[in-house]
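A.B. asks: Dropping the structure in here first, questions after.
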Amino acid sequence: MTAPVVILVEPQLAENIGMTARAMANFGLSELRLVAPKNGWPKKGVREAASGATYVLDGAKVYATLPEAIGDLHCVLATTARERGQMKRVFAPEEAMTAVAERIGRGERVGLMFGRERVGLSNDEVSLADAIVTFPVTEEFPSLNLAQAVLLMGYEWRRAAGLATLRFSGELLSPPATREALLSLFASLEETLAGAGFYPPEKREIIARNMRDMLHRMAMTEQDVRTFRGALRALSRRGPKGEEP
């Protein structure tokens, strides 16, 4: 699936452009368009700030005006933290990216427009967009760093496009322990503890049952049981004061 285009209007700082490229690469966005970047392009230090996402910078296109940058697109969304007084639809990132994924699925080209670091997009620039995307930030501090805004949009795009699969799952690499393995572990543990004088004679059965319940709650794997058994064997080879028998 073709991803949305990221459009930065008059970006100023090399660090912000580089970190934007990094955020784009994190979530599979690769097409970057720069509208009249301040102090020219390329900028010193921009590649270092990209932390390896230099292919995004290498493919970046520079435009003199915003209309030129969005001319080939079918839909443009403007990101802003301020209410603009325009009769324009306003979306949160999640619902906006759901609509973007649908449009791109139909073969349309979509652009995500971000404004200047200090003042954002002008009202005239926002008026060129189909809709506004704003973030559910606090009233006390609504301003987002440029790369942060791109990162949030990229994350929601990846989710909406069905591409947000985790890189690793944390699933168990060892199968659950069999009942035979657990019973053998219980026997070894209770024998070792008895040999160490752990049980009060009148409470051995109660304590043993409680410990079995505790081990059951751990949902032990085969590897857990092997590790536990190995630890018990090591302990049983040592005398009561930790000395070799």
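The values are calculated or read from the model by the stated rules, or taken from the named source; none is laboratory data. Keep in mind it's a predicted model, so treat the numbers as computed, not measured. Because the Cβ atoms are built from the backbone with ideal geometry, glycine has one as well, and the counts that use them run over all protein chains shown. Remember, those area values only see protein heavy atoms, side chains included, never the ligands or the DNA or RNA. Shrake-Rupley method; radii C 1.70, N 1.55, O 1.52, S 1.80 Å.
A.B. asks: Applying the selection to segment 1-38, what residues are polar (S, T, N, Q) and in contact with a helix residue (DSSP H, G or I) (Cβ under 9 Å, 6 or more places away or on another chain)? So that I can check it myself, show each step before the final result.
C.D. replies: Kept after step one, since they are polar (S, T, N, Q), are these residues of segment 1-38: 2, 12, 16, 20, 26, 30.
Across segment 1-38, the qualifying residues are Thr2, Asn16, Thr20, Asn26, Ser30.
A.B. asks: Is segment 76-88 home to any residue that is free of Cβ contacts under 8 Å to residues at least 24 places away in the same chain, in contact with a Ser or Thr (Cβ under 9 Å, 6 or more places away or on another chain) and farther than 19 Å from Thr20 by Cβ?
C.D. replies: Within segment 76-88 (the criterion being free of Cβ contacts under 8 Å to residues at least 24 places away in the same chain, in contact with a Ser or Thr (Cβ under 9 Å, 6 or more places away or on another chain) and farther than 19 Å from Thr20 by Cβ), the answer is yes, since at least one residue qualifies.
A.B. asks: Would it be correct to say that Leu8 is in a loop (DSSP other than H, G, I, E, B), surrounded by 22 or more Cβ atoms within 10 Å (Cβ to Cβ) and either under 26 Å from the mean Cα position of the chain (by Cα) or modelled with pLDDT of 95 or more (or both)?
C.D. replies: Values: in a loop (DSSP other than H, G, I, E, B): no; surrounded by 22 or more Cβ atoms within 10 Å (Cβ to Cβ): yes; either under 26 Å from the mean Cα position of the chain (by Cα) or modelled with pLDDT of 95 or more (or both): yes.
Judged against the criteria, Leu8 is not a match.
A.B. asks: OK, next. Quick one: which residue in Ala60, Ala21, Ala69 is within 23 Å of Ser143 (Cβ to Cβ) and either in contact with an Asp or Glu (Cβ under 8 Å, 6 or more places away or on another chain) or open to solvent by less than 40 Å² (accessible area, probe 1.4 Å) (or both)? Can you show your working first?
C.D. replies: On the way: Ala60 fails: within 23 Å of Ser143 (Cβ to Cβ); Ala69 fails: within 23 Å of Ser143 (Cβ to Cβ).
Step by step, each of Ala60, Ala21, Ala69 is checked, and only Ala21 is within 23 Å of Ser143 (Cβ to Cβ) and either in contact with an Asp or Glu (Cβ under 8 Å, 6 or more places away or on another chain) or open to solvent by less than 40 Å² (accessible area, probe 1.4 Å) (or both).
A.B. asks: Something else now. I'm checking my understanding of the structure. Among residues of segment 165-198 that are part of a loop (DSSP other than H, G, I, E, B), at pLDDT 90 or above and of a type in the set (A, V, I, L, M, F, W, C), which one is least open to solvent (accessible area, probe 1.4 Å)?
C.D. replies: Per the criteria, the residue is Ala177.
A.B. asks: Failed condition for Thr2, given (1) open to solvent by 30 Å² or more (accessible area, probe 1.4 Å); (2) within 27 Å of the chain's Cα centre (by Cα); (3) at pLDDT 95 or above, with all others met?
C.D. replies: Against the list (1) open to solvent by 30 Å² or more (accessible area, probe 1.4 Å); (2) within 27 Å of the chain's Cα centre (by Cα); (3) at pLDDT 95 or above, Thr2 comes up short only on (3).
A.B. asks: When the residues of segment 11-22 are narrowed to those that are of a type outside the set (A, V, I, L, M, F, W, C) and not in a loop (DSSP other than H, G, I, E, B), which ends up farthest from Arg118 (Cα to Cα)?
C.D. replies: Of all residues in segment 11-22, those of a type outside the set (A, V, I, L, M, F, W, C) come to 11-12, 15-16, 18, 20, 22.
Among the residues that remain, those that are also not in a loop (DSSP other than H, G, I, E, B) are: 15-16, 18, 20, 22.
On the way: Glu15: 14, Asn16: 12, Gly18: 17, Thr20: 16, Arg22: 21 Å.
Selected residue: Arg22.
A.B. asks: For Leu112, indicate whether it is open to solvent by 50 Å² or more (accessible area, probe 1.4 Å), in contact (Cβ under 8 Å) with a residue 60 or more places away in the chain, within 22 Å of Pro11 (Cα to Cα) and touching a Leu at 6+ places or on another chain (Cβ under 9 Å).
C.D. replies: Details: open to solvent by 50 Å² or more (accessible area, probe 1.4 Å): no; in contact (Cβ under 8 Å) with a residue 60 or more places away in the chain: yes; within 22 Å of Pro11 (Cα to Cα): yes; touching a Leu at 6+ places or on another chain (Cβ under 9 Å): yes.
Taking the combined requirement at face value, the residue does not satisfy it.
A.B. asks: Another question about this same structure. Name every residue in segment 128-147 that is over 16 Å from Met19 (Cβ atoms) and assigned to a loop (DSSP other than H, G, I, E, B), in order of residue number.
C.D. replies: Leu128, Ala129, Asp130, Thr134, Phe135, Pro136, Val137, Thr138, Glu139, Glu140, Phe141, Pro142, listed by residue number.
A.B. asks: Still on this model: If I ask for residues that are open to solvent by 30 Å² or more (accessible area, probe 1.4 Å) and under 24 Å from the mean Cα position of the chain (by Cα), which ones from segment 118-134 would you list? Give the derivation first.
C.D. replies: First pass over segment 118-134, keeping only residues open to solvent by 30 Å² or more (accessible area, probe 1.4 Å): 118-119, 122-124, 127-128, 130, 134.
Listed by number, the list holds a single entry, Thr134.
A.B. asks: Taking segment 16-41 only, how many residues are aromatic (Phe, Trp, Tyr) and touching a residue at least 60 places away in the same chain (Cβ under 8 Å)?
C.D. replies: Filtering segment 16-41 down to residues aromatic (Phe, Trp, Tyr) leaves 27, 41.
Cutting the leftovers down to touching a residue at least 60 places away in the same chain (Cβ under 8 Å) gives us 27.
Within segment 16-41, residues that are aromatic (Phe, Trp, Tyr) and touching a residue at least 60 places away in the same chain (Cβ under 8 Å) number 1.
A.B. asks: Okay, moving on. For a quick check of your reading of the model, give me the residue pairs whose first member lies in segment 208-231 and is crowded, with 16+ Cβ neighbours inside 10 Å, whose second is aliphatic (A, V, I, L, M) and not in a helix (DSSP H, G or I), with beta-carbon atoms closer than 8 Å and at least 6 apart or on different chains.
C.D. replies: Pairs found: Met220/Ala177; Thr221/Leu172; Thr221/Ala177; Asp224/Ala177; Asp224/Met218; Val225/Ala177; Phe228/Met220.
A.B. asks: Looking only at segment 104-127, how many residues end up being polar (S, T, N, Q) and either part of a strand (DSSP E or B) or on the phi > 0 side of the Ramachandran plot (or both)?
C.D. replies: Let us first name the residues in segment 104-127 that are polar (S, T, N, Q), namely 122-123, 127.
Okay, now just the ones that are also either part of a strand (DSSP E or B) or on the phi > 0 side of the Ramachandran plot (or both), so none.
The total comes to 0.
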